[in-house]
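Data first, discussion second: the structure below is written as structure tokens.
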Amino acid sequence: MATEQKQQLSGVQLYSRFAFAGAVCCSVTHGALTPVDVVKTRIQLDPKTYNNGMLGGFKKVIQNEGAGALLTGVGPTFVGYFLQGAFKFGGYEFFKQQHINFLGYETASKYRTGVYLASSAAAEFFADVALCPLEATRIRLVSQPTFASGLLSGFGKILKNEGVGAFYAGFGPILFKQIPYTMAKFVVYEKVAEAVYRVWPKKDMSDGLQTTVNLGSGLIAGFAAAIVSQPADTMLSKINKTPGLPGESTTSRLIKIGKELGIKGSFTGLGARLFMVGTLTAFQFAIYPLVSL
């Protein structure tokens with residue numbers, strides 16, 4: 001994608017285009033799937049109550065709180081992933097090009113899997129700095145429906161009562177979740193797409209067929225990304241549910257949560273997350289090249 005765009009744009013213009021496309025595709029897809037995210041988070045935080053899978057979870061949320069509850073946290077979700085998408089996709093293209101400049105095209109192409117991994121990890125680190133406060137707000141709103149009425153009131157309440165540090169209590173888990181997630185997401189997508197284009201060259205495909213390839217590659221990439229990042233996603237939900245005890249460090253909280261969850265517990269809600277991540281990743285890779293043109 002970057003190679004095609006560089007023929008027309010360069011520098012700030014080029015990477016601004018990539019960043020905007022990433023912001024749009026991530027915010028739209030994550031925002032649209034907010035109801036699934038609400039159910040997934042409820043299953044992770046209260047598996048005894050929400051023990052009937054994704055469809056059963058939907059029914060229980062609607063029965064107990066009304067259909068409107070499925071949109072809890074849509075504000076921080078949209079804003080958070082708008083920022084995260086800009087850094088993730090824009091940063092990925094930027095760092096990929098820097099590796100090409102440093103290594104040379106032939107060497108970078110030969111070791112492209114390593115380039116994909118390093119570029120996606122670097123991009124996601126900066127994306128997570130932007131995402132973490134919004135994700136902390138979202139999880140608090142979903143886990144405590146009476147906490148606040150929305151993004152601004154929830155963000156302000158956390159800031160006032162708990163300070164800036166509360167927004168980054170889950171920074172460790174979000175890094176352990178998002179960096180492997182993004183590495184798997186981009187590498188698997190690139191590899192699946194490469195395999196398809198070796199059999200059927202991209203230049204011989206119609207625009208519609210290319211979009212189909214993007215959807216299919218993104219779906220497979222999303223499944224892989226969901227599985228590798230699920231334990232950290234569960235811990236992130238747990239640590240942001242409630243404030244820590246006075247004097248309790250983030251590390252000690254994470255250790256305590258890890259012991260309580262165990263291996264099986266860390267994969268609670270995987271079914272809902274496979275559906276959510278697979279769907280949103282597929283559509284992200286379908287939307288991204290259209291917006292970045």
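Each value in this text was obtained by applying a stated rule to the coordinates, not by laboratory testing. In this text, all values refer to a predicted model and were calculated from it rather than measured experimentally. Ideal geometry is used to build each Cβ from the backbone, glycine not excepted, and the neighbour counts take in all protein chains shown.
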Task: Between the range 11-60 and the range 205-249, the alpha-carbon center distance in angstrom - done: 9 Å
Task: Electrostatic dipole magnitude of the chain [Cβ: Lys, Arg +1; Asp, Glu -1; Cα centre; debye, to 20] - done: 520 debye
Task: For the chain, calculated [θ]222 nm from helices alone, where every DSSP H run of n ≥ 4 adds -39500 (n - 2.57) - done: -27500 deg cm²/dmol
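Just flag the chymotrypsin sites (Phe, Trp or Tyr not before Pro) in the range 57-135 sitting in loop per DSSP whose Cβ has no more than 15 other Cβ atoms within 10 Å. Intermediate results must be reported in sequence, preceding the final value.
Working: sites: PHE58, PHE78, TYR81, PHE82, PHE87, PHE89, TYR92, PHE94, PHE95, PHE102, TYR105, TYR111, TYR116, PHE125, PHE126; in loops: TYR111.
Listed in order of number, the matching sites are TYR111.
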TODO: Under 13 Å from the Cβ of LYS59, count the other residues' Cβ atoms, weight Lys and Arg +1, Asp and Glu -1, and hand me the total.
DONE: +1
- [ ] Work out the charge dipole of the range 187-278 with +1 on the Cβ of Lys and Arg and -1 on the Cβ of Asp and Glu about the Cα centre, then indicate which of SER249, LEU215, GLY278 is farthest towards its positive end.
- [x] SER249
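Past the 21 Å Cα-Cα mark, which pairs from LYS48/LYS238; LYS40/LYS264; LYS160/LYS241; LYS60/LYS157; LYS40/LYS60; LYS48/LYS259? Spell out each step's value before the answer.
Details: LYS48/LYS238 15 Å; LYS40/LYS264 16 Å; LYS160/LYS241 17 Å; LYS60/LYS157 28 Å; LYS40/LYS60 12 Å; LYS48/LYS259 18 Å.
Exceeds cut-off: LYS60/LYS157.
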Task: Long-range HN-HN contacts of THR72 with modeled amide H, under 5 Å - done: none
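Are there trypsin sites (Lys or Arg not before Pro) in the range 25-70 that DSSP puts in a loop and that have at most 12 other Cβ atoms within 10 Å, and which ones? Let's see the in-between values first.
Details: sites: LYS40, ARG42, LYS48, LYS59, LYS60; in loops: LYS48.
Of the trypsin sites (Lys or Arg not before Pro), the ones in loops of the range 25-70 whose Cβ has at most 12 other Cβ atoms within 10 Å are LYS48.
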- [ ] Check the straight Cα-Cα distances from LYS202 and name the lysines below 30 Å, setting aside those fewer than 8 residues away within the same chain.
- [x] LYS6, LYS88, LYS96, LYS110, LYS185, LYS191
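Grab the beta carbon distance between THR146 and THR113, set R0 = 41 Å, and tell me the FRET efficiency rounded to 0.05.
On the way: r = 48 Å, r/R0 = 1.16.
Working from the Cβ atoms, E equals 0.30.
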TODO: With only Lys, Arg, Asp and Glu charged, each at its Cβ (+1 for the first two, -1 for the last two), find how big the charge dipole of the range 148-197 is about the Cα centre; round to the nearest 20 debye.
DONE: 180 debye
